[in-house]
Amino acid sequence: MHIFSKREGAHSERQRSKDVRARKLISENAGTIRKLADQISNGGYTKMRQDQARRKEEPKPEGLLIYSMPERTVADDPDPNVRVSLNGRVVLYDRTSGRQIQLLGQILRKGGSRRFVLATEENGYISPVSSEIQALLAPYDSRAIGAEFTEEHIAGIFRTCLGLVETQPSKAEPTVTRTETEDGTSNDDTSELF
């Protein structure tokens, strides 16, 4: 503890006799002063001093479990796949890391039916799909989706459309036949997607 007198200031070489006596009185009665401080603060003074001492200590690794967490390795070439999330988002994701590569669109309910909305600037998406993906998925934009199509059926159709898998549709998967008219346009038997 330092005591500074008003007259001499902090840089005084000469100590006043009152200051010497005050320091001596405080040091002789330090135990009693601590007991009174603890009594007034309900033990808070000693706890505060212990916390200050604990903060000044260097950390000790004994008794701690230390794990070395290796950094995640990211594959150079992603293994893309398509999935439909619970909220209707259709995404292209990497199978190895599980991270989303690109949002392809969203399945929305409009007028009592489900429709696929492709992620394009025209449809109001901030990060639209590339022009190649847009060209491949354009036939499905704003098309109605029948109730018989599950999320897995929809993801399978988009996988095939994007060339991610080379499989035939399963017997349980609904199919729609399309024929072309003389002018080359598609003639669908239904107004439903796929």
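Each reported figure results from applying straightforward, stated rules to the coordinates on display, with no laboratory input. Owing to the predicted nature of the structure, the values given are computational and were not obtained by experimental measurement. Glycine gets a Cβ as well: all are built from the backbone with ideal geometry, and neighbour counts include every protein chain shown.
Amide H contacts under 5 Å for G146: L193, restricted to partners 5 or more places along the chain or on a different chain, H placed in the peptide plane at 1.01 Å from N.
Summarising the amide proton neighbourhood of R83: residues at separation of 5 or more, or on other chains, whose placed amide H is nearer than 5 Å comprise V91, Y93.
Taking other residues whose beta carbon is less than 11 angstrom from the beta carbon of V129, and scoring Lys, Arg as +1 and Asp, Glu as -1, yields -3.
Spacing of the modelled spin labels on K47 and K24, each 7 Å from Cα toward Cβ, amounts to 3.8 nm.
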